[in-house]
Amino acid sequence: MPISVPGSLVPVRGDRVRAAIRAHHRSIRSVAGQIGISQQTLSLICNGVTKKTRPERLRLLSGALGVPPGWLAGTLDQLPGFEAHAWNSAKPADWQIAVSRWEQRVGEAHSRDFKNDSKKRARQFIKEGLALSLLSNLGVWRELLLLSLSGGSYEFEESPDPLDDPGFTICLTDAFLAILDPWLKGKARLNYPNLLGILGDFAELALKHLEKTDPEWATKFKAGVSVRSEAGHKPSGFRAKAKAKVSDSKLLHLGPANDEDTKKKVKTNATRKANGSR
């Protein structure tokens, strides 16, 4: 955020404040009470009527809602953890918060499991992280459940692909967070073999792409440097990065592969899985 002088005002994005309040399942009244302002004052901010506020008030909102003040002010296009691509910043605030929450909670739980398993190797850890990322990917589920699709691509005659609606990703993410809640809280163990049995082929493709494009990925990982794998169409497709934990950004959307070889592999794997289940 820019440095402000005493008495100056800073920008505040009402849509982002409102989205963060909803994400915490709180009311405007409760948040206003927590930071010591009136409900009306906060309502005016959330509704976009008040577009500037005091720096201290913005910091209090940031602390109460668990998001950076720069994001609430609009000086940060996207929440930390997302790759710096313009298409990400165009996503609505609700989507960014849902994805960020998934990254943080799943990444922390996965990292906890890795630390508790001294025999688990870096490659296995990365593959599991990719699979966890794909778990909340709508396009992946379409390809797993439907035959005769190439890379999850399908042409809709009268309207855009419904999966492009950010609301569906938000709902799916919230649903999986609820399903995995016992694991996220450390009260249950995650069945990694089952996870990889469902999404292992897709995760393996992304991992092989990482090994091909960045041969030094293992050395970087051990040194605590983020590593990332990308495959798929436009800036989306498989995407993950790993540090002390894997931050699987559900900026993922499995679409048509970039090249014919990858496209054939995806289609072959999906067909093999479907035929094997009969």
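What follows draws every value from the coordinates through simple rules; no lab data is involved. Here the structure is a predicted model, which means the values were calculated and not measured. Glycine gets a Cβ as well: all are built from the backbone with ideal geometry, and neighbour counts include every protein chain shown.
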If amide hydrogens are placed 1.01 Å from N in the peptide plane, which non-local residues have theirs closer than 5 Å to the one on residue 53? 10, 12
Tell me the trypsin sites (Lys or Arg not before Pro) within the range 170-225 that lie in a loop according to DSSP and have at most 11 other beta-carbon atoms within 10 Å. 185, 187, 189
Rounded to the nearest 20 Debye, what is the dipole magnitude of the range 10-73 about its Cα centre when Lys and Arg each give +1 and Asp and Glu each give -1 at the C-beta? 80 debye
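Using the per-residue mean of other Cβ atoms lying within 10 Å as a proxy for protection, in what order, highest first, do the peptides 31-44, 11-24, 98-111 fall?
Going by the mean number of other Cβ atoms within 10 Å, highest first, we get 98-111, 11-24, 31-44.
Please work out whether the range 10-73 counts as rounded, prolate or oblate from its C-alpha gyration tensor, where a ≥ b ≥ c are the square roots of the eigenvalues and a/c under 1.5 means rounded, while otherwise a/b larger than b/c means prolate and anything else oblate?
Because its axes are fairly even, with a/c under 1.5, the range 10-73 counts as rounded.
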